[in-house]
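This report refers to the structure that appears directly beneath it.
The values are calculated or read from the model by the stated rules, or taken from the named source; none is laboratory data. Predicted, not measured: the structure shown is a model, and the values here were computed from it. Every residue, glycine among them, receives a Cβ derived from its backbone with ideal geometry; neighbour counts consider all protein chains shown.
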Amino acid sequence: MRNYEMMIILDPELEERTVQPSLDQFLNVIKTSGGSVDKVDVWGRRRLAYAIDKKFDGIYAVVDLTSEPDAVRELDRQLNLNEAILRTKILRPGRH
Amino acid sequence: MAKAPIRKPKKKVCLFCQEKISYVDYKDTGLLRKFISDRHKIRARRVTGNCTQHQRDVATAIKNAREMALLPYTSIAR
C-alpha cells in the first residue's frame, strides 16, 4: 500500500457540481481493490497558464489516496481514456 | 588610479533550510513564482541562494507545476 496524490484537470464545460460524483465513480477502482480515498479536494474552475486542447480554463481536483500501485495505474489509464479529462498527474508526496 | 573596491557579496541563506521546509509542493504557485524570472525561466542558484538539494527540489516542483498548467512554460505575449 502506498500513498499517492493525484491532480486531475477536467473539461471546463462540465458543470462544477457534477464533478464530485463523476470523480467518485472513477475512484471506485481504488475502493474495489482494497485501497482508500483519503481526501478529494475540488479546486473549481481555474485559469490555465497555457491552452490545453484550445481550452483556457480547467476544473482542478486533487485527490489523496492510499492504494496498491496496480490500481492507481488502472485508474490513470481510465482517466486518460475519458474525453472530459484534460490532464492527470500522479505523485507520491515526500518522494521525488 | 584607484581600483574599484572589491565588494564582498552578501552570503545568501537557502530559504527552505531557514524555514525548515523539507518538501517543496508543486501546488504552491505563490512560493514557486519567487524562483522564476519575468520570462518564466527558473532562476539560477547564484540568484536564489538555495542549497543544492533545495534548488533541485524547486526545479522539479516548477517543472511539475508547468505540466499541470499552473505555471507557464514561456510568456505568450512577446
B:Lys8, sole failed condition from (1) modelled with pLDDT under 90; (2) in contact with a strand residue (DSSP E or B) (Cβ under 9 Å, 6 or more places away or on another chain): (2)
Selection count where residues are under 16 Å from B:Leu31 (Cβ atoms), more than 8 Å from chain A (Cβ to nearest Cβ) and surrounded by fewer than 22 Cβ atoms within 10 Å (Cβ to Cβ), scope the range B:58-76: 2
Answer residue from the range B:20-57, given it is closer than 28 Å to A:Ala61 by Cβ and in contact (Cβ under 8 Å) with a residue 40 or more places away in the chain and is surrounded by the most Cβ atoms within 10 Å (Cβ to Cβ) among those: B:Tyr26
Residue match in the range A:57-78 (condition: on the phi > 0 side of the Ramachandran plot and either surrounded by 13 or more Cβ atoms within 10 Å (Cβ to Cβ) or in contact with a Ser or Thr (Cβ under 9 Å, 6 or more places away or on another chain) (or both)): no
Any hit, the range A:48-55, residues being part of a strand (DSSP E or B) and in contact (Cβ under 8 Å) with a residue 40 or more places away in the chain: yes
Test: residue in the range A:41-58 that is at pLDDT 90 or above and more than 14 Å from chain B (Cβ to nearest Cβ): no
Per-region count, the range B:48-78, residues among the hydrophobic types (A, V, I, L, M, F, W, C) and modelled with pLDDT under 90: 2
Counted residues, the range B:27-57 - those being in a loop (DSSP other than H, G, I, E, B), away from every other protein chain (no Cβ under 14 Å) and touching a Phe, Trp or Tyr at 6+ places or on another chain (Cβ under 9 Å): 3
Leading residue by the ranking (farthest from the other protein chains (Cβ to nearest Cβ)) among those in the range A:2-40 that are among the polar types (S, T, N, Q) and under 12 Å from the mean Cα position of the chain (by Cα): A:Gln25
